[in-house]
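The values are calculated or read from the model by the stated rules, or taken from the named source; none is laboratory data. None of the values given here were measured: they were computed from a predicted structure. Glycine gets a Cβ as well: all are built from the backbone with ideal geometry, and neighbour counts include every protein chain shown. In case anyone asks, the SASA skips ligands and DNA or RNA and just uses the protein heavy atoms, side chains included. Shrake-Rupley method; radii C 1.70, N 1.55, O 1.52, S 1.80 Å.
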Amino acid sequence: MWRIAGALGTHRSTTRISLNMPRPRIAILIPCYNEELTIANVVREFRAELPEAEIYVFDNNSKDRTVERAHEAGARISYERRQGKGFVVQSMFCQVEADVYVMVDGDGTYPPAEVHRLIQPIVLGEADMVVGSRLMKASDSEFRLLNRAGNSFFLKVINLIFKVSLSDVLSGYRAFNREFVKNIPVFGGGFETEVELTIKALGRGYRITEIPVRLTSRPEGSVSKIRIVHDGFIILNTILTLFRDYKPLTFFGAIGLFFIMIGLVPGTVVIVEFIRTGLVPRLPSAILAVGLVLSGFLLVAIGLVLHTITRRFQELEHQLKVRNREHDLEDVLQHK
C-alpha cells in the first residue's frame, strides 16, 4: 500500500488515501537552467513528500552551481545541451522510465505538498494529464500583471479554438501517465512546450484534469528566463500551427470562407453593372473577385482533404493504442 493526497475538501487539504494496489514507479522531472538558489530546496521538499520517487534534474547548460546543488540534495543528474525547455522535456520523456511522471520547474514557485493531489487522478486511471492550475479561483497565485494578461490571452484563444474550458495552459506543474509520455511527440524547443502538450492532449483525445495550486513569487536573486514578447510570439505561433494540424477543416475552411466573402464584395458590384448595362467596365475588380472566390473554394477543399486524412490517422492511432493496451495486459497476466 502507498499513500496519496485525498481529493476531498479544499486544495490545501493534507488528507491521505490508502490504495490497495501495486506501488507505481514515480519520477519527478525537473528541467533546470541557472537555478542555484532554489534547486536544492525543490529536490529536498519533493523527496520529503514522495520518498519512494526518483528525482531527476535535467540541466540545460547552467552557468552557476545548479548541478552541484542538485547532486548534493540527492537528485539524479542528466544533461541536455540543446538550449531550451522544450528540448529538455523531449529528453526527459525519452530517457526516464516510470509509471507516473511529475514535471515541475526548479524555481521553487510551485508547492511540493500538492504533488499527492496532482498524481491521484493518474494513479486512479481518471486522467492522462493533470495540470496544476495557477489561475483557478481557489489558487490565489502571485502573478505579475503582464504575465497574467498573457496567460489569459492564450487561454482564451485555445478555449475558443478547441471548445474547452481550461483554466491554465502554461502551467509548468503537471503529472502524466506512462502512455501519454511515451506517445506524445514534443517538437517545440522553448517555453511553448506546455501549450504543445495541452493542445496535443486535446487533439488526440487524452483526458485532462486540473487542480488548483498556488504559485508563489521567485526568491530574491532568482531571475525568470521567459522573454515575454519573444516567447509570446512563439507560443501564439505554436497555437496556430497546432490548430492547423489538428483542426484543418476549421482552419482552412474559415480562411476560405473569409476569402469568398471578401471576393463577393467587388464581384457583386461587377455583376450588378453587367446586368444593368451588359458591360464589364471594371475588369480588374472582376478578376480580383474571381481570384478571391476561387482561392476561397480551394482552401475549403484543402481543409476537407486534410480533415479526412487527419481522421484516418486518428482512427489508426486509436487502434494502435488498443492493441498496445491489450499487449501490456497480456504481459501482466503472463508474469503473475
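Among the residues of segment 149-159, is any basic (Lys, Arg) and open to solvent by 30 Å² or more (accessible area, probe 1.4 Å)?
Quick first cut of segment 149-159, residues basic (Lys, Arg) only: 156.
From what is left, the residues that are open to solvent by 30 Å² or more (accessible area, probe 1.4 Å) are 156.
There is at least one residue in segment 149-159 that is basic (Lys, Arg) and open to solvent by 30 Å² or more (accessible area, probe 1.4 Å).
Could you say whether any residue in segment 232-240 is assigned to a helix (DSSP H, G or I), touching an Asp or Glu at 6+ places or on another chain (Cβ under 6 Å) and open to solvent by less than 50 Å² (accessible area, probe 1.4 Å)?
Within segment 232-240, one or more residues are assigned to a helix (DSSP H, G or I), touching an Asp or Glu at 6+ places or on another chain (Cβ under 6 Å) and open to solvent by less than 50 Å² (accessible area, probe 1.4 Å).
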> Does any residue of segment 202-223 turn out to be touching a helix residue (DSSP H, G or I) at 6+ places or on another chain (Cβ under 6 Å) and free of Cβ contacts under 8 Å to residues at least 40 places away in the same chain?
Replying inline: no
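Just to confirm my filter: which helices (runs of 4 or more DSSP H) fall fully inside segment 114-194 and include at least 1 residues that are without any contact (Cβ under 8 Å) to a residue 12 or more places away in the chain?
Details: elements: 115-123, 145-162, 178-183.
Once the helices (runs of 4 or more DSSP H) in segment 114-194 are filtered for at least 1 residues that are without any contact (Cβ under 8 Å) to a residue 12 or more places away in the chain, what remains is 145-162.
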> Can you tell me which residue in segment 78-113 is farthest from residue 224 (Cα to Cα), limited to those that are of a type outside the set (Phe, Trp, Tyr) and part of a strand (DSSP E or B)?
Replying inline: 100
> If residue 56 passes every condition in (1) under 21 Å from residue 131 (Cβ atoms); (2) open to solvent by 10 Å² or more (accessible area, probe 1.4 Å); (3) in contact (Cβ under 8 Å) with a residue 60 or more places away in the chain but one, which one does it miss?
Replying inline: (3)
>> Given the condition open to solvent by 40 Å² or more (accessible area, probe 1.4 Å), under 21 Å from residue 86 (Cα atoms) and over 16 Å from the mean Cα position of the chain (by Cα), answer yes or no: does some residue in segment 204-223 qualify?
In response: yes
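Looking at segment 69-106 only, could you name the residues that are open to solvent by 80 Å² or more (accessible area, probe 1.4 Å) and farther than 21 Å from residue 50 by Cβ? I'd like the intermediate steps shown before the answer.
Residues of segment 69-106 that are open to solvent by 80 Å² or more (accessible area, probe 1.4 Å), as a first pass: 71-72, 76, 79, 81-83, 94-95, 97.
Within segment 69-106, 79, 81, 82, 83, 94 qualify.
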